[in-house]
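A short worksheet on the structure shown next.
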Amino acid sequence: MIKAIQILRHQGKQFIKDVTKVTLNEPFRGRPVISKIKVDEEALAKICPTNAITVNPVSIDLGKCSFCGECAFQFPAKIKFTSDYKLAANDRKKLIVQEGDDKAIELNSELIRKEIVSFFRGSLKLRQVSAGGDNSAELELNAAGNVNFDMGRFGINFVASPRHADGIVITGPITENMAEPLQICYDAIPSPKIVILCGVDAISGGVFQNSAALNRKFLETHKVDLYVPGNPPHPLTFINGVLELIGKLSRVKR
């Protein structure tokens, strides 16, 4: 009973009625804000294990960021991680947060293919492929369908067979051993189909980005419809990103 009360106090009610209006508590780290305060930029950049931080001006690439928070720990006046979990984008450049920028990340409506909204607004079935992942992003995607987040109420579900899917969700950095199975899975999905990269490993390779064990050629020949950053991504980040992609977010907000 005491443990249940502690969980309730920390997380609030388990069922999330409105996934677009949730306040997440620490230790969650969401969209970072970079101030214009002068610091040792070279020292700041060296902190990042995934080279997500660049200088002149200082920026953080959320497609590379592991959200470890070390930069904010050592330079608290320069970098702060907010509780904003709406991080998904369909333009890779939108994942780069610039110094002095405190704008919410939104999808570029001009880049959303018309068939995505017309075909998948009512129902979207996805096939998830762990392309060398560490099971962290996979666990969070599984949580997106539990009673807390209940992604299925929006008609969004994961399916076992690519033949029954409308799109593919890729987790992991895409290892050499998973490159061919990933392509086979993609080819088995009927057209039109969606490609979603979920997690820092899928988007950039993460800490494995320079490994010879990777084969990321799949991303050179296929259009990515949605980037969902995080390490791992929060279920709310994934759900809100997909809802916006298929044109269903405005309905949920009503």
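The values are calculated or read from the model by the stated rules, or taken from the named source; none is laboratory data. Note that the structure is predicted; figures quoted are calculated from it, not measured. Cβ placement follows ideal geometry from the backbone for every residue including glycine, while neighbour counts extend to all protein chains displayed.
The residue list 174, 168, 196 contains one member that is outside the structural domain of residue 83 (by TED's automatic domain parsing), β-branched (Val, Ile, Thr), surrounded by 14 or more Cβ atoms within 10 Å (Cβ to Cβ) and more than 30 Å from residue 23 (Cα to Cα), which is 174. Would it be correct to say that residue 73 is modelled with pLDDT of 95 or more, surrounded by fewer than 15 Cβ atoms within 10 Å (Cβ to Cβ) and either in contact with a Phe, Trp or Tyr (Cβ under 9 Å, 6 or more places away or on another chain) or over 20 Å from residue 239 (Cα atoms) (or both)? Yes, satisfied.
Being more than 27 Å from residue 213 (Cα to Cα) and either touching a residue at least 12 places away in the same chain (Cβ under 8 Å) or buried (at least 16 other Cβ atoms within 10 Å of the Cβ) (or both) holds for only one residue in 99, 110, and it is 99. Restricting attention to the stretch 184-198, which residues are hydrophobic (A, V, I, L, M, F, W, C) and assigned to a loop (DSSP other than H, G, I, E, B)? Answer for the stretch 184-198, where residues must be hydrophobic (A, V, I, L, M, F, W, C) and assigned to a loop (DSSP other than H, G, I, E, B): just 189.
Does residue 163 satisfy the criteria of being crowded, with 16+ Cβ neighbours inside 10 Å, more than 18 Å from residue 107 (Cβ to Cβ), of a type in the set (Lys, Arg) and without any contact (Cβ under 8 Å) to a residue 60 or more places away in the chain? Judged against the criteria, residue 163 is not a match. Candidates are the residues of the stretch 199-225 that are part of a loop (DSSP other than H, G, I, E, B) and among the small types (Gly, Ala, Ser); the one that is surrounded by the fewest Cβ atoms within 10 Å (Cβ to Cβ) is 212.
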